[in-house]
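The values are calculated or read from the model by the stated rules, or taken from the named source; none is laboratory data. Only a predicted model underlies this, so the values are computations on that prediction, with no experimental measurement involved. Every residue, glycine as well, gets a Cβ built from its backbone with ideal geometry; the counts of neighbours run over all protein chains shown. Just so you know, the surface numbers come from the protein's heavy atoms only, side chains and all, with ligands and any DNA or RNA stripped out. Shrake-Rupley method; radii C 1.70, N 1.55, O 1.52, S 1.80 Å.
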Amino acid sequence: MKTLLSRISLLAAALPLLSSPSCKDSGGGPAATEIVIGEVAALTGGTATFGQSSHAGTQMAVDEINASGGLLGKKVKLVTEDDQSKQGEAGTVVKKLLSREKAVAILGEVASGKSLEMAPICQKAGIPMISPASTNPKVTEVGDYIFRICFIDPFQGTVMAKFALSRGWKKVAIVTDVKQDYSVGLSDFFKKYYTANGGTIVSEQSYSSGDKDFKAQLTALRGSAPDAIFASGYYNEAGLMAVQAHELGINAPMLGGDGWDSPSLTQVAGKAMEGNFFSNHFAAEDASPVIQDFVKKFTAKHKSAPDAMAALGYDSMMILAAAIKKAGTTEGKAVRDAIASTKDYQGITGKITLDEKRNATKPAVILTIKDGKFVYVETLAP
Ligand code: PHE
């Protein structure tokens, strides 16, 4: 029979565990003093600037949250996994974040194809996932635990189609990266609005992520004498395409979507990118105080101005933190419900309200490339 003393000491030993909301996590999981958030980002590979930027923004939010006391009395720990921009890898690393790290929520990815890999895994696990920047509509259609804080491509495609028509460009050639859900979707949505409103698609060309030679596609589309070229893929290929278009004597302006947003775009393309246009979530030169404060903070820390992914990464973490605070717990369903109720949250990338499909409706900006810099042209509201 146990003595009273040993009973008391057993009870005393158990008390700190019992009083801690995350006692279930003891023994291998996160420390009871931490809330683990998992992040999947392309830190290396073909879309590395996406992951590096979104991670920088996300980490900055985490640092600010921790500096002001953390969440629910605990520190936030951001565990980031690099998917190397590889298809297949995002699914593998998100499983690791859930099973090994016991992440209570997932942030990422930027590229739609990667988010589409991660979403079914988070949905099945009952762990909320917020993509900062994936714009393909299918991402949040996976299920009710999957959110995004950016606009979607039916809107972005329409924005660029409207822009082309407003410039009097009646004939457009489209070049699509068939390996990216993002590019395939964006080309499609552009085409729908453009052709329904008087434009003609004079040539449709395709390539695969990682391709470096676009001469065959460009030669083919040159014959159709387009007024503009819509290149719906990511920055590396768009940059190379611009260089080769110039070499082939094609002077039609090139148009793109948010996938062009990278400091590498002009590094790859140099002068060949001048005068082209793309749609985006954010313009660093926007004079609004919210944006300028963020630009100042970010630039002081990273010695370069934030791009859209940095701002979206920051907003995604802040929205998640607000939801965890509101839920008062890190339990999946409660956090999911709190994220779903996000309304009029003033982020760096605009006011964020999540609709019943877990998407945000926000304006887009159009930027042009001038003297190697991204320069604001106009804002288009939904
Ligand atoms: N919207 C792109 C996608 O869904 C990713 C992206 C967002 C790229 C923002 C750049 C800036 O794949």
Practice problem: Kindly provide the helix-only [θ] at 222 nm of the chain, computed as the sum of -39,500 (n - 2.57) over DSSP H runs of four or more divided by all residues, to the nearest 500 deg cm²/dmol? | Solution: -13500 deg cm²/dmol
Exercise. Write down the accessible area per residue of the chain in Å², having rolled a 1.4 Å probe over the full set of protein chains.
Key: 41
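Taking the Cβ of T44 as the centre, find all other residues whose Cβ is under 15 Å away and add up their charges (Lys, Arg: +1; Asp, Glu: -1).
-4
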Quiz item: If you line up the long axis of helix 235-247 against the longest principal axis of the chain, both from Cα atoms, how many degrees apart are they, to the nearest 10?
Solution: 10
Exercise. Excluding residues fewer than 8 places away in the same chain, name every one of the lysines whose C-alpha is closer than 21 Å to that of K271.
Key: K212, K215, K370, K373
Quiz prompt | For the chain, the longest site-free run once trypsin sites (Lys or Arg not before Pro) in DSSP loop states with at most 11 other Cβ atoms within 10 Å are removed | solution = 3-211
Practice problem: Within the set of other residues whose C-beta is less than 12 Å from the C-beta of T80, count the net charge using Lys and Arg as +1 and Asp and Glu as -1. | Solution: -4
Quiz item: Near K357, which aspartates and glutamates are there with a Cα under 20 Å away, not counting those fewer than 8 places off in the same chain?
Solution: E109, E117, E141, D144, D153, D181, D315, D337, D344
Quiz item: Which net charge results when you count Lys and Arg as +1 and Asp and Glu as -1 among the other residues whose beta-carbon is under 13 Å from that of I121?
Solution: -1
Exercise. Could you tell me how many degrees, from 0 to 90 and to the nearest 10, lie between the Cα long axis of helix 4-19 and the main elongation axis, the longest principal axis, of the Cα atoms of the chain?
Key: 20
Self-check item: Within region 66-98, backbone nitrogen closer than 15 Å to the virtual label 7 Å beyond the Cα of T44 toward Cβ
Solution: 81-87, 89-90, 93
Exercise. Please tell me which of these pairs span more than 21 angstrom C-alpha to C-alpha: K102/K297; K102/K333; K138/K191; K114/K138?
Key: K102/K297
Quiz prompt | Carbon plus sulfur fraction of accessible area for the chain, probe 1.4 Å, in percent | solution = 56
Exercise. Mind checking the full-extension length gain between K124 and K373? Use 0.36 nm per residue of separation minus the Cα-Cα distance, one decimal, nm.
Key: 85.4 nm
Quiz item: What is the spin-label model distance, in nm, from S264 to S208 if the labels are put 7 Å beyond Cα along the C-beta direction?
Solution: 1.9
Practice problem: Just check the chain against the gyration tensor rule for me: Cα atoms, a ≥ b ≥ c as the square roots of the eigenvalues, rounded for a/c under 1.5, and otherwise prolate or oblate depending on whether a/b exceeds b/c. | Solution: prolate
Quiz item: Using a ≥ b ≥ c from the Cα gyration tensor of region 153-280 (square roots of the eigenvalues), is it rounded, prolate or oblate, where a/c under 1.5 gives rounded and otherwise the larger of a/b and b/c decides, a/b for prolate?
Solution: rounded
Quiz item: region 322-382 to region 30-55: how many Å between their Cα centroids?
Solution: 19
Practice problem: Enumerate the amide H contacts of A105 below 5 Å, restricted to partners 5 or more residues apart or on another chain; note that Pro and chain-start residues carry no placed amide H. | Solution: G38
Quiz item: Do you know the relative contact order of the chain, to the nearest whole percent, from alpha carbon pairs under 8 angstrom that are 6+ apart?
Solution: 16
Quiz item: With labels modelled as points extended 7 Å from the Cα through the Cβ direction, what inter-label distance (nm, one decimal) is found for A300 paired with T92?
Solution: 4.1
Quiz prompt | Where labels lie 7 Å past Cα in the beta-carbon direction, separation of K138 and K351 in nm | solution = 3.3
